[in-house]
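Enquirer: Can you keep this structure in mind? I'll have questions shortly.
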Amino acid sequence: MAMKSTTKHKLNKRLMRVIALAMMCIMGVSSAVTVAALTKEITVVDGDNQIAVSTMNDDTNRVLQLAGVLLGDGDQVTRDDKTGTITVLRAFSVLVKADGEEHTVTLNQGTVEDALLACGVTLGGNDKVIPGKTAELTPDMTITVERYRTITVTVDGNTNTYLAPEGTLEEALAYIGLTLGQDDVVTPGRDEKTTEGLEIKVDRVEYRDVTITEEIPFTTTTQETRDLYQGEKKISVQGKTGERTVVTKEKLVNGQVAETEVVSNEVTKEPVSQVVLVGTKQKPAPKPTGVASVGGDGTLIDHNGKRVAYKSVLTGTCTAYSAAEGSMTSTGRPAAVGYVAVNPKVIPYGTRLYICSPDGSLVYGYAIAADTGGALMSGRVLVDVFYNTVAECNNFGRRTMSVYVLA
C-alpha cells in the first residue's frame, strides 16, 4: 500500500509540472499578442524624408524623438491619425518687394497670395505680382509687386492709352517702347511721376549732322626688330587716313526736316604713314598647360595652344564617374569621354565647355553637357566628368576645377 501511494504522488507531481509549463507558454504567447496589438506604425514626413516608426507610445513628441526629427523656431507639426502620418512643416522666409519697401515674412506653407496677405500688401486691378498669386511658396523666394497706371500718350500724330509701371514719365515711356531723343519735349515733364489717367504729350525735336567723308589712304612700311619673336608684329606708328569732310546740319521737328545747312567742306586730316615692326627673334617651344592664358577679351589659349572664345567661367567642385559599356546619358547620348553631367538649370544641356584645374596642372579638355545626377541637381557638385575606367575616376577624385562656357 505504501508503494502505491508513493507512485501516485510522483504522477501527481509530474502532472502539475506539465500543467504549469503549459500555463507559462500560454501567458508568453498572450503577452506577445498584446504587445503586437498595442504597437502602432506611424510615418513621419519631413520634407522629402519619410521615416517609419513603430511604437506603443504614439505621443507626437515621442514619435518625433524616435524618428530623430528636431523642430526649429516656427516649425509646425500636423497629424493625420487616419493615415498614420505626422507631417513636419518647416518654417522658411520669403521676401516681398512692393511700393519701394521690402518685407520679410516667415511661413510654413501656402501661396504667393498668402505671403502678400501676411505683410499687408494689397493688389490693385492693374497690378502684377511675380511669380503669380497662386504659385506655391518656396524657401528664400522673392516676390515682386509691380504697380501699373493707365496713361494716354500723344506722339508722332497718334494718341494711344497704355498700362505703365509706377515711376517717372521717362521710365513709363521707355516701358511702352517709346524712345526719347535728347531734345524731345515731354509734357508735363520727364521727371514727373505717373498717376492714374495722366495725359502725356511728346514733341520730337532732333538735330542731325550728316557727314560725307572721302578717305585719303595711308602707306605702310615695315622694320625688322629682335625685340619681337618671329611671326609677331607690332605697330610702332599708327597709320591714319586723311579725310575730306562735308558736314551738313539738319533740324527735324516731329520727324520732318525743317532746315538744312552746309557747315563745312574741307580737307580735315592729312594721312599718316604706318610703321610696322616685324619680329626676327626665334620663339621658344610652348609648354602646354590647361590654359596658357586668359585674355580680358573673353578668350583663352587651350592646352594645344589654340585661342578659343568663351562667354563665362564657373569654378567649383568637380567629381568623376564611369558607366558600363552601352550606357546612355540622360540626353540620350552614349556615355563617353567628353560628355559630362551637369545641373541643366545652371549649365544647359548641349553647352560646349572647356574644363581644367585653375593652375593648369590637370586638363579634362573639351566637353559637352549631356548628363545629370543627384549631386549635380543638389548643387554639391558643379560638373561630373566621365572617364572610361574606375581607376581614372579614382585618380581624378574630388577637386576644384575651372569650367569655361565656350562661345
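The values are calculated or read from the model by the stated rules, or taken from the named source; none is laboratory data. Model, not experiment: these values are computed from the prediction. For neighbour counting, all protein chains shown are included, and Cβ atoms are generated from backbone atoms with ideal geometry for every residue, glycine included. When the accessible area is computed, the model is the full protein with side chains, heavy atoms only, and any ligands, DNA or RNA have been set aside. Shrake-Rupley method; radii C 1.70, N 1.55, O 1.52, S 1.80 Å.
Enquirer: For segment 291-400, report the accessible area per residue in Å² (1.4 Å probe, heavy atoms, rounded to an integer).
Expert: Details: 5710 Å² over 110 residues.
With all protein chains present, segment 291-400 gives 52 Å² per residue.
Enquirer: For the chain, what does -39500 (n - 2.57) per DSSP helix run (n ≥ 4), summed and divided by total residues, give at 222 nm, in deg cm²/dmol to the nearest 500? Could you put the intermediate results ahead of the total?
Expert: Values: 6 runs with 71 residues, N = 407.
Using -39500 (n - 2.57) per qualifying helix, the result is -5500 deg cm²/dmol.
Enquirer: While we're looking at this one, here's another question. Using a 1.4 angstrom probe and counting only protein chains, how large is the accessible area of residue 70 in Å², to 10?
Expert: 140
Enquirer: Leaving ligands, DNA and RNA out of it, rank 133, 233 by accessible area with a 1.4 Å probe, largest first. Could you put the intermediate results ahead of the total?
Expert: On the way: 133 90, 233 155 Å².
Heavy-atom accessible area, descending, gives 233, 133.
Enquirer: Between 126, 158, 343, find the one with the highest GNM mean-square fluctuation for the chain; connect C-alpha pairs within less than 10 Å.
Expert: Comparing 126, 158, 343 in a Gaussian network model of the chain, the most mobile one is 343.
Enquirer: Any of 97/201; 233/281; 97/311 with alpha carbons more than 20 Å apart? Name them for me.
Expert: Details: 97/201 31 Å; 233/281 12 Å; 97/311 32 Å.
Cα-Cα > 20 Å for 97/201; 97/311; rest within.
Enquirer: Suppose we keep just the alpha-carbon trace of segment 95-225; what are its Rg and Dmax in angstrom?
Expert: 24.4, 77
Enquirer: Run through segment 176-257 and list the chymotrypsin sites (Phe, Trp or Tyr not before Pro) located in a DSSP loop whose Cβ has at most 16 other Cβ atoms within 10 Å. Intermediate values should be presented prior to the final figure.
Expert: Values: sites: 207, 218, 229; in loops: 218.
Hits after loop and neighbour filter: 218.
Enquirer: Could you compute the FRET efficiency for residue 130 and residue 366, with r as their C-beta to C-beta distance and R0 at 35 Å, rounded to 0.05?
Expert: Using R0 = 35 Å, I get an efficiency of 0.35.
Enquirer: What FRET efficiency comes out for residue 43 versus residue 109 if R0 is 25 angstrom and r is the Cβ-Cβ distance? Round to the nearest 0.05.
Expert: Values: r = 19 Å, r/R0 = 0.74.
That pair, residue 43 with residue 109, gives E of 0.85.
Enquirer: Additional query: With a Förster radius of 56 Å, plug the Cβ-Cβ distance of residue 222 and residue 313 into 1/(1 + (r/R0)^6) and report the FRET value to the nearest 0.05. List each step's numbers first, then the result.
Expert: On the way: r = 38 Å, r/R0 = 0.67.
Once the sixth-power term is evaluated, E becomes 0.90.
Enquirer: Which value, in Å² rounded to 10, gives the accessible area of residue 237 with a 1.4 Å probe and all protein chains present?
Expert: Looks like 60 Å² after rounding.
Enquirer: Determine the principal axes of the Cα atoms in segment 341-407, then give the extent along each, sorted from largest to smallest and rounded to whole angstroms.
Expert: Projected onto its principal axes, the Cα set of segment 341-407 covers 28, 27, 20 Å.
Enquirer: Now, a different point. So what is the relative contact order for the chain, in percent, with contacts set as C-alpha pairs under 8 Å and at least six apart?
Expert: Numbers: 810 pairs, mean separation 34.3, N = 407.
RCO, the chain: 8 percent.
Enquirer: So, one more: Translational diffusion coefficient, Stokes-Einstein: compute it for the chain using the Kirkwood radius over C-alpha pairs as Rh, at 20 °C and 1.002 mPa s, and state it as an integer in µm² s⁻¹. Kindly include the intermediate steps, with their values, before the conclusion.
Expert: Values: Rh = 31.8 Å.
My calculation gives 67 µm²/s for D.
Enquirer: Taking the simple approach of a point 7 Å from Cα along Cα-to-Cβ for both residue 57 and residue 282, what is their distance in nm?
Expert: The answer from the label model is 8.7 nm.
Enquirer: Can you work out the accessible area per residue across segment 131-215, with the rest of the protein chains kept in place, probe 1.4 Å, in square angstrom? Don't skip to the end; give the middle numbers.
Expert: Values: 5190 Å² over 85 residues.
Dividing the accessible area of segment 131-215 by its residue count gives 61 Å².
Enquirer: Another question, then. Have a look at 118, 335, 67 and tell me which one the Gaussian network model of the chain (Cα, springs below 10 Å) gives the largest fluctuation.
Expert: In this elastic network of the chain, the residue with the biggest mean-square fluctuation among 118, 335, 67 is 335.
Enquirer: Which residues among segment 344-384 fall inside the zone where the amide N is under 20 Å from a point 7 Å beyond the Cα of residue 328, along Cα→Cβ?
Expert: Residues 344, 349-351, 368-374 fall inside that zone.
Enquirer: Additional query: Can you sort 277, 66 by solvent-accessible area, 1.4 Å probe, largest first?
Expert: Most to least solvent-accessible, the answer reads 66, 277.
Enquirer: When only the heavy atoms of the protein chains count and the probe is 1.4 Å, how do 331, 211, 194 rank by accessible area, highest first? List each step's numbers first, then the result.
Expert: Values: 331 55, 211 75, 194 15 Å².
Heavy-atom accessible area, descending, gives 211, 331, 194.
Enquirer: Full extension from residue 243 to residue 81: what is 0.36 nm times the residue separation minus their Cα-Cα distance, to one decimal in nm? Could you put the intermediate results ahead of the total?
Expert: Details: separation 162, 0.36 × 162 = 58.32 nm, distance 9.01 nm.
Length gained between residue 243 and residue 81: 49.3 nm.
Enquirer: Per 5 Å bin from zero, what fraction in whole % of the C-alpha pairs of segment 300-359 is there, up to the bin with the longest pair?
Expert: Percent of pairs per bin, in order: 4, 12, 24, 24, 19, 12, 5, 0.
Enquirer: Starting at the first residue of segment 225-232, write each ³J(HN,Hα) from the Karplus equation 6.51 cos²θ - 1.76 cosθ + 1.60 with θ = phi - 60°, in whole Hz, x for Gly and Pro.
Expert: Running phi through 6.51 cos²θ - 1.76 cosθ + 1.60 with θ = phi - 60° gives 8, 8, 6, 10, 6, 4, x, 8 Hz.
Enquirer: Still on this structure: Say we join alpha carbon atoms closer than 10 Å with springs in a Gaussian network model of the chain; which of 275, 390, 267 then has the biggest fluctuation?
Expert: Residue with maximal mean-square fluctuation among 275, 390, 267: 390.
Enquirer: Pop out the carbon and sulfur fraction of the accessible area of the chain as a percent, whole number, probe 1.4 Å. The partial results should precede the final answer.
Expert: On the way: 13370 of 25830 Å².
Roughly 52 percent of what the probe reaches on the chain is carbon or sulfur.
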